Structures are given as C-alpha cells and as structure tokens.
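The values are calculated or read from the model by the stated rules, or taken from the named source; none is laboratory data. Just so we're clear, the structure is a prediction, and the values are computed from it rather than from any experiment. Positions of Cβ are generated from backbone atoms using ideal geometry, with glycine treated the same way; all protein chains shown enter the neighbour counts. Keep in mind that these areas ignore ligands, DNA and RNA; they rest on the heavy atoms of the full protein, side chains included. Shrake-Rupley method; radii C 1.70, N 1.55, O 1.52, S 1.80 Å.
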Amino acid sequence: MTGAEVATVLAEIAMLSEVLGENPFRARAFAAAARALEGSGADLDRLAREDALTTLPGVGEGIASTIRELVLDGRSGLYDRLREQMPVGLYEVMRVPGLGPKRAHTLHTALGVDSLDALEAAARAGKVAALPGFGAKTEAKVLEGIAFARSLRGRRRYPAALEVAVRLLEWLRANDHVSAAEIAGDVRRRMEIAESVDLVAASDHPAAVLAGFRSLSGVAESEIEARDRACIVFSDGLSAHLHVVPPKQFVAAVVVATGSGKHVSALQALAEEKGFTLDATGLRKSRRVVELADEEALYGALGLAYVPPELREDWGEVEAAAAGRIPRLVEMDDLRGTFHCHTTYSDGKATVAEMAEAARERGWQYLGLGDHSKSAGYAGGLSPAAVRKQHREIDAWNCANGGKGEDRFRIFKGIESDILSDGSLDYDDDVLASFDYVVGSVHSAFGLPERKMTDRIIRAVRNPHITILGHATGRLLLSRGSYAVDVRAVIDAAAEHGVAVEINADPVRLDLDWRHVRYAGEKGVLVPIDPDAHSTRALGNVAFGVNVARKGWLTAPQVLNTWTLEEVEEHFGKRKQQGAP
C-alpha cells in the first residue's frame, strides 16, 4: 500500500471508531496520524521492515501495528472488525448534509437508526428533534437532506469509479478466456460522476467469463444470469456491467457501450445513410460483420475523423468529425506548471520549498502558491504581515534555487482572496498589488439568491486586481450542489474583463463543469487547470482537470498553464498594470 492509501484507511478507522462510539482519543489519534501521513512521503515499507514506524509524527505502537499490517499484509484486522460492526446503511445516513460521524453515532445508539428509511421514519415521528443537540430545525433539514442522500445511491465520483473499473479490467485481461477488454460508459467518457461501471470483453467462451465475473467477492448481489451480460452490485449500490462478445464484434461493442445514448444514435443514423447497421453485435454491411482493427477504423468507415471518448456526448462532435474539425485536445504533457496551491502558511501540509521541489520534479517550469486570505480564519488565512513573510521566503527561494535560462523555475506569489458578500476582495489594494496574481473565490454566504450571487461574482471579476476566478459554482460533488448563479453571465463578464476562470481539479469539485468550460473556451476566456493542492501529492489532481478540459473541447493554447514561464510572466505583468493606480 502507498502512503496515501494507508492514510485513507487510517482516516476511515477514525471515522468508524467515532460512529461506533469507541475510544474517542483513539479516533482522534488515528485521524491525526492520517493527516500527518498523507503529506509525509515516508517510505512505509522500509520503516515497517525496520520496525521504525513510531518515528513518524503521531504514530504510537498501536497505530504502528495497524500501519505494519496494511503495508506488509495489505489488510488490517482492526479495520476489518470495525467494518463488520458498521451497519452499511450508516454510510448513507452520513451523506445527509449536516450528519457527520458524531451525529450518526447519536442517531444509531439513541434511536437505532441504521438506514435512510429508519432515519426518515424517526424524523417524521419527531424523534430526531427530541435528541439533545438536534431540535426542530435540524430535524427539518434532515428530512430535506434525505432525498439528496438517496439521489447519491449507486453513484461515485470519477476517481472512485475509475479505481473499480481498473481493478475489474485487470481481472478481465488476466482471464485466459478473454482476448481483449476495455472500460466503457461513464468512466471511459471521464464523467465527473459515474452512474455505473461498464466493461466490454471479447471471448469465445462467454459463459466462463460471465460466471467468473458474477462470483467476484466484495459484491452485495448479482442480477439474473444472461447469455452475454452480467451485472454485479456493490454495497453502496454502484453497479458494474460486463458485456461479453465474440472477438469480431468487440470494436463496435466498445463504441456502442462508450458513447452517450445520443452519440450512439447519431452514429447509427449516419451508418444507415451509408448502408451499414451499427449496434453492439457489430458494424454490418449486407448482414456481414465488417472487420475492424480499432475504433478509429469504425469511425473511418462512417466517413468520420476519430472522436475521443471524452467528446462522445452529442455536442456536435459527429458533425465536427465529418468536417475534419475535431480539435487536438489538451493533454497532461502540455502542462508546464499550475496555480492555486496551498502551503503550511494556511491549511496546506507542505512547505513553500516542498511544494516547489515537487512541482519541479514533475518537469514543470513554475508553481503558483495561492494560500487562503485573511477572511478564511478557519483555514489559517494570511494576515498582511504573514503575506509579507511568505513573499520574503518565496523571493529567497527563487533567488537561491530558481536557476537560469532553459532550466529556470519560478514560484509565483499568489493568494486565494475571498470574494465577500458585496463582491469585494478581502485585502486593501496595496496588499492585492503585492501579488503576482490573485485567485478570487467564494467561501461564504452560499445561500444568496441567484441574481445577488451573480452580481456579487461579476463585481469581483470587474476588480482589476483579480487574475483568476476560483471554483466558480462552489459545488462539492455528491456532497453539496452549486450555489445559485448564472454561470454564463459570469463567464461573459470574465471574457469582457480579461479574467481567467479556473478548472478546479480537486476531484471533489471539478468546477468549472465541463459543460461550462466549452462555453468559456468559445468566449475566449483563458482556463487554467488548478489542483487546489494542499499537499505535494495533490498536485496530481491536475490529471482530473485535464479530463474536464478535454470534455470541454479545450486545446492547449486555451489553458493558461500550458504557456511557457515567460508567457505567464508577461500575462501576469499585464494584469498587474491594469490594477495599478
């Protein structure tokens, strides 16, 4: 297990301990160890074998024993025991906004709540309001939140769905009866939320492959057997579908299983015009299956340029492919740096130097540090004095480590400045002028009516000191919807005032949504891909942002952090001149 994976298990042990009412001190200790481990970069395998895990911050003998099990055996007895004791339904209960581990424990122990149905029954009977620390208002919010929690059932964020899909794909490709296999559906199209995991396999022995798939462990149930398909359902309701076809049908089956329904319908209509039929049994001409080497060959047979899976949404991609106008989409290797990253100056886990070195190790030319501003007291927001201290440290690092010529690397001085309720930024102009760039973000007053929220953000965009608008809609996927805002009006204002609008690549956010990203690109708005990284590992979030940019039809020049260091310096310099008195 990697350090990040171990940290995830330790955090879940802390959560489970809290829900089950176990020793609260142990729960806090596991949570603290998880936070410390997440950004440490420690060689856990070596420390475990040398019996030196207790040298890690916050790791005593008990936690070291758990880490040792995870690293050397890939499992933990404590974790397994807690998982067995935890009613599966409580995971869904904790998805109700406002119900964390502590309240879930109270509901479980006091009222026997172990599912959303049980929670709803208790709330409608007035039992939740009677509990200490709850009350009538909380009970009303719980009832409102139950519908939201139910809507999440069987859905996972892209990274979690991808993890399941990759694991199942590896199993398929290792199966002696399978000659080819591919991920399809939502995951292959890189949707931010997956409604299911879909896979296609080629085999001359479908019964054996499907039987093995249905027997996979870790599932709650499987559907009635079918000749060429199987579905397994995980404990949280996520379903995984497998379609097994003869090898000569594989390419067409993958295309049909990957595209959205409307994309596939558009292909089928075009196929019919050209004398073909297209479905999961193959591309056929005069009832004979056309031999296809790959998906590019299928699109070519229909007179189309290849359409990348991310674009198969029926957003004009078939027409563009027919005209040879599918753009060269931005790729990970195009990135030369990033912005909107946090350090230990606010709520990050790594220092200025650690973040810079991690960025340079990725082959980047620059890194923008955008810690929280003074209004974000909950996140250690920077006072003007702290801003000046960080700037001195950045200047010193750049002077000592920045290098020269082609090897030059630069840390940019940024800030994530809170957009206040009236649309102003939370520093005076002289402080804002001291930054190389400013990210403006909403972190409060989410409940404003749409007109007021839109006016608030547009006023911020008009501020000459702002460079980038951060996470424009405030959404947290499968946790919190976006606040009410006219996104297109905000993008129009950004285009008018030369403000970039980020793709916040934190997989919990992925904000701007790809549907709005395309509009931003069409309006000429620059779109940086920002990881919102609070650790060196989280710099890798940019990969999820690249997915969003590709789904939004962006090319490399439209993404600010594909620009060279010199180009970014020039861009930031021009923006600062606009903010000068």
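Please give the calculated 222 nm ellipticity per residue for the chain, where each DSSP H segment of at least 4 residues contributes -39500 (n - 2.57) and the sum is spread over every residue; nearest 500 deg cm²/dmol? Please list the in-between numbers first.
Values: 24 runs with 257 residues, N = 581.
Rounded to the nearest 500, it is -13500 deg cm²/dmol.
Between segment 527-546 and segment 421-456, how far is it from one alpha carbon centroid to the other, in angstrom?
Here the answer is 22 Å between Cα centres.
Can you tell me which aspartates and glutamates have their Cα less than 14 Å from the Cα of Lys285? Leave out same-chain residues fewer than eight positions away.
Correct list for Lys285: Glu272, Glu273.
Could you order the peptides 51-58, 425-432 from most to least packed, using the average number of other C-beta atoms within 10 Å per residue?
For the peptides 51-58, 425-432, the packing ranking is 425-432, 51-58.
Restricting to bridges with both residues inside the chain, how much of the DSSP beta-bridge set is antiparallel, in percent to the nearest 5?
That works out to approximately 45 percent antiparallel.
Please give the per residue volume of the convex hull enclosing the alpha carbon atoms of segment 429-581, rounded to a whole number of Å³.
Per-residue hull volume (Cα only) is 118 Å³.
Which shape class, rounded, prolate or oblate, goes with segment 327-415 when its Cα gyration tensor gives a ≥ b ≥ c as root eigenvalues, a/c under 1.5 marks rounded, and past that a/b bigger than b/c marks prolate? Walk me through the numbers before you get to the answer.
Numbers: a/c = 2.49, a/b = 1.45, b/c = 1.72.
It comes out oblate by the Cα gyration axes.
Straight-line reach only, C-alpha to C-alpha below 26 angstrom: list the lysines that Lys523 could link to, leaving out same-chain residues fewer than 8 apart.
Within the straight-line limit of under 26 Å, Lys523 reaches these lysines: Lys262, Lys452, Lys551, Lys574, Lys576.
Just want the answer: with Cβ charges of +1 for Lys and Arg and -1 for Asp and Glu, which residue in Ser203, His516, Gly447 is farthest toward the dipole's positive end in the chain?
Value computed over the given set: Gly447.
Pull up the cross-link candidates among the aspartates and glutamates for Lys248, meaning alpha carbon to alpha carbon under 14 Å and not fewer than 8 places away within one chain.
Asp204, Asp279, Glu291, Asp294, Glu295
Of the options Ala118, Val71, Tyr91, report the single residue whose Cα projects farthest towards the positive end of the charge dipole of segment 1-147 (beta-carbon charges: Lys, Arg +1; Asp, Glu -1).
Ala118
Give the Kirkwood hydrodynamic radius (Å, one decimal) of segment 109-203, defined as one over the mean of 1/r across all pairs of different Cα atoms.
16.2 Å
Using amide H atoms built in the peptide plane, which far-off residues or other-chain residues are under 5 Å from Leu554 H to H?
Amide H neighbours of Leu554, under 5 Å, 5+ apart: Val330.
Highest first, please rank the peptides 532-540, 136-144 by the mean number of other Cβ atoms sitting within 10 Å of their residues.
Going by the mean number of other Cβ atoms within 10 Å, highest first, we get 532-540, 136-144.
When the Karplus curve 6.51 cos²θ - 1.76 cosθ + 1.60 is applied with θ = phi - 60°, which whole-Hz ³J(HN,Hα) does each residue of segment 183-194 get, with x for Gly and Pro?
6, 9, x, 4, 5, 5, 7, 6, 5, 5, 10, 9
If you count only protein heavy atoms with a 1.4 Å probe, what accessible area per residue comes out for the chain, rounded to a whole Å²? Kindly include the intermediate steps, with their values, before the conclusion.
Numbers: 25250 Å² over 581 residues.
For the chain, the per-residue accessible area is 43 Å².
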